[in-house]
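In what follows, a single structure is set out as structure tokens and then discussed.
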Amino acid sequence: MNFLGNVIWFIFGGLIGAISWFLAGCLWCITIIGIPIGLQCFKFASLSLAPFGKEIVYRGGGTSLILNILWLIFSGVPLALGHLASAVILAITIIGIPFAAQSLKLAQLALMPFGAEVVSKRW
């Protein structure tokens, strides 16, 4: 079922979300200081392509807090608003509600990506 959800997700918004994460990562990688932030963006671009069957676990610290503040100021808000708009559009139909939930998961991740770890769900 996760495979089917990921295929439908890819068609109806996953590719656009992944491209936005990828572009943010490319912009962050322009500077040497931003390379760790850019690598995190690339990791979440792959999550944005196939979010079903994966969950996000937060394990933060002092460094994560500082990086999340910098991220929020420069890149987090536009990505979060894009995922939020996608969630609103997807939630219009009953069939789109699970996809809206994935988009909201990515919107939360767009606000606090550091200290987050992607793990596979276990049934």
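The values are calculated or read from the model by the stated rules, or taken from the named source; none is laboratory data. As the structure is a prediction and not an experimental result, all values here were calculated from the model. Don't worry about glycine lacking a Cβ; one is built from the backbone with ideal geometry, like all the others, and counts go over all protein chains shown. Please note that ligands, DNA and RNA were not included when accessible areas were found on the heavy atoms of the full protein model with its side chains. Shrake-Rupley method; radii C 1.70, N 1.55, O 1.52, S 1.80 Å.
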#### Entry: Estimated FRET transfer efficiency when R0 is 30 angstrom, pair I16-I66 (beta carbons, to 0.05)
0.50
### Message
Quick query: amide H of A116 versus all other amide H atoms, modeled in the peptide plane; which residues come in under 5 Å with a sequence gap of 5 or more or a different chain?
### Response
R59
### Query
Expressed as a rounded percentage, what relative contact order does the stretch 7-50 have, with Cα pairs under 8 Å and six or more residues apart?
51
### Query
Based on Cβ point charges of +1 for Lys and Arg and -1 for Asp and Glu, what charge dipole magnitude is obtained for the chain about its Cα centre, in debye rounded to the nearest 20?
200
### Task
Collect residues whose amide H, placed 1.01 Å from N in the peptide plane, falls under 5 Å from the amide H of K54; neighbours closer than 5 in sequence don't count.
K121
#### Entry: Share of pairwise Cα separations in the stretch 40-109, more than 14 Å, in percent
64
### Summary
Rounded to the nearest 500, the 222 nm mean residue ellipticity computed for the chain from DSSP H runs (n ≥ 4, each -39500 (n - 2.57)) alone is -19500 deg cm²/dmol
### Task
Using Cα pairs closer than 8 Å and at least 6 residues apart in sequence, work out the relative contact order for the chain, in percent.
29
## Note on the structure
Carbon/sulfur accessible area of the stretch 1-94, % of total, 1.4 Å probe, equals 82
### Query
Under the Karplus relation 6.51 cos²θ - 1.76 cosθ + 1.60, θ = phi - 60°, what is the ordered set of whole-Hz ³J(HN,Hα) values for the stretch 65-72, x standing for Gly and Pro?
5, 5, 5, 5, 5, 4, 4, 4
#### Entry: Cα-based radius of gyration of the stretch 4-87 once divided by 2.2 N^0.38 Å, which approximates compact folds
1.12
